[in-house]
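The structure under discussion appears below in the form of C-alpha cells.
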Amino acid sequence: MTTSLKRDRYTPYISFSRKEWAERSNDAMLQLQDYDLEALHGMNEPLTQEEITQVYLPLAHLLNLYVTASQQLHTATSNFLSSQVHKVPYIIGIAGSVAVGKSTTARVLQKLLQAWPNHPRVDLVTTDGFLYPNKVLEANNIMNRKGFPESYDIKRLIHFLADVKSGKEKVAAPLYSHLEYDILPGQLQWIEQPDIVIVEGVNVLQVRHRQQQKDPAVFVSDFFDFSIYVDAAEKDIRKWYIARFETLRRTAFQSPESFFHRYAHLSDAATIELATQIWDDINKPNLEQNIAPTRYRASLILEKRSSSFRSIHSTEKDLNARHTNYPSTAAGTAERTHGSLGTV
C-alpha cells in the first residue's frame, strides 16, 4: 500500500487519503449492528456503517495499539520494580465545539473499544457534570456564560481525574440534566477501575492562565494518555447548531419540565432567529476564544466537512497518528446536548 506523505508547512502533520486511512481497518474486523447505529448517532447526525468502517474503526484500532502498549509497559515495569501496583485506566480526552459531534465520536469509540478482549470495560464521562450548579452561576452573574471556562468547577474535575489515574477503586462524577439544564443534586456516576475512561467536553484541552502562585499549574489534559479534537468550519458548526435547536424546539422543549419550555411555541422563523443570536452571542465567541485555540494540543484532530472528505493528517510522532479529517453526513452534524445556553 502506498501512503502519501503530504506535509502542511510549519506543522508536524502527514496526510493520508480517506481510502488509505480506511485500509487500516482491515485487520480490525469489528462491526456495529443497525440498532447500535440508532443508539449512537447524535441529533440531526445520521451515522452510517460506511463512516464507522472508514473513519472510526481505524481510529479505534490505533487507540487499541496505544492501550495495549500502555498495558504491556505497566506489566513490564511492575515486574522490574517488583511492584504490585494495580492497573490504572487509560484516559482519552475528546474536545471540540458545541454541536460539532464530539459526543457521537465518544459514544462510537466507547462501543468499538469495548470489543477488544484486553480492554472490555470502557466508561464515558462528560464534563457537563462539572459545571457549577445554576444557583452558583446566577449568584456570580455568569449564567449567560455557561460553557465558558469560568462556569466549570475545574478543581473538582482535576481531583476526579487524579483519583481515577491513581487507581482508586471507586470514583464519583456528578451528573447533569439537559432537560433541567442543571446539576442533579445527589446523583453520581461511579467509575470503578475500568480499562479505559473517555472524558468528553468543550473544555478538556484548555489551560488556565497562571496567576501569582508558587505551586505548578495542573491542567485537565495532564491526565490524558491520548486526546482528540473534533473540528469543523465555524459556518458548518453554526448550521448544525441551528438545526439542532430547531429539532429540540419540536421535541425536548415541549416538555413542561424542560428548562427551555418557554421556547416550545416559537414559530420556525423565531426559532432560527433565536438560535442564530445565541450562537453569535455565546457559542461563537466561546469557540473562537477558548475552544478552537486548543485543537493543536490534541494528539489527533478529526476535521469534518459539510459535503466532502478531504484527507487524513498525522504526525510521525505518537505512532504516526495526529490529525484525521472526515465529512459530516446528510444535511448536517450535531451532537446530542451540552451545557451552555447556546448548546441546548
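The values are calculated or read from the model by the stated rules, or taken from the named source; none is laboratory data. Given the structure is predicted, the values throughout are model-derived calculations rather than measurements. Backbone-built Cβ (ideal geometry, glycine too); neighbour counts: all protein chains shown. Surface accessibility is based on the protein's heavy atoms, side chains included, excluding ligands, DNA and RNA. Shrake-Rupley method; radii C 1.70, N 1.55, O 1.52, S 1.80 Å.
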Leaving ligands, DNA and RNA out of it, report the carbon-plus-sulfur percent of the accessible area of region 212-265 at a 1.4 Å probe.
51 percent
Separation in nanometres of the label points that stand 7 Å from Cα toward Cβ, at Thr247 and Asp268
1.7 nm
Using 0.36 nm times the number of residues separating Asn118 and Gln84, minus their current alpha carbon distance, what extension gain do you get?
10.3 nm
So the carbon and sulfur contribution to the accessible area of region 121-207, 1.4 Å probe, in percent, is 48 percent
How much length, in nm to one decimal, is gained on full extension between Arg305 and Gln289, taken as 0.36 nm per residue of separation minus their Cα-Cα distance?
3.6 nm
With a Förster distance of 30 angstrom and the Cβ-Cβ distance between Glu234 and Asn140, calculated FRET efficiency to the nearest 0.05 equals 0.60
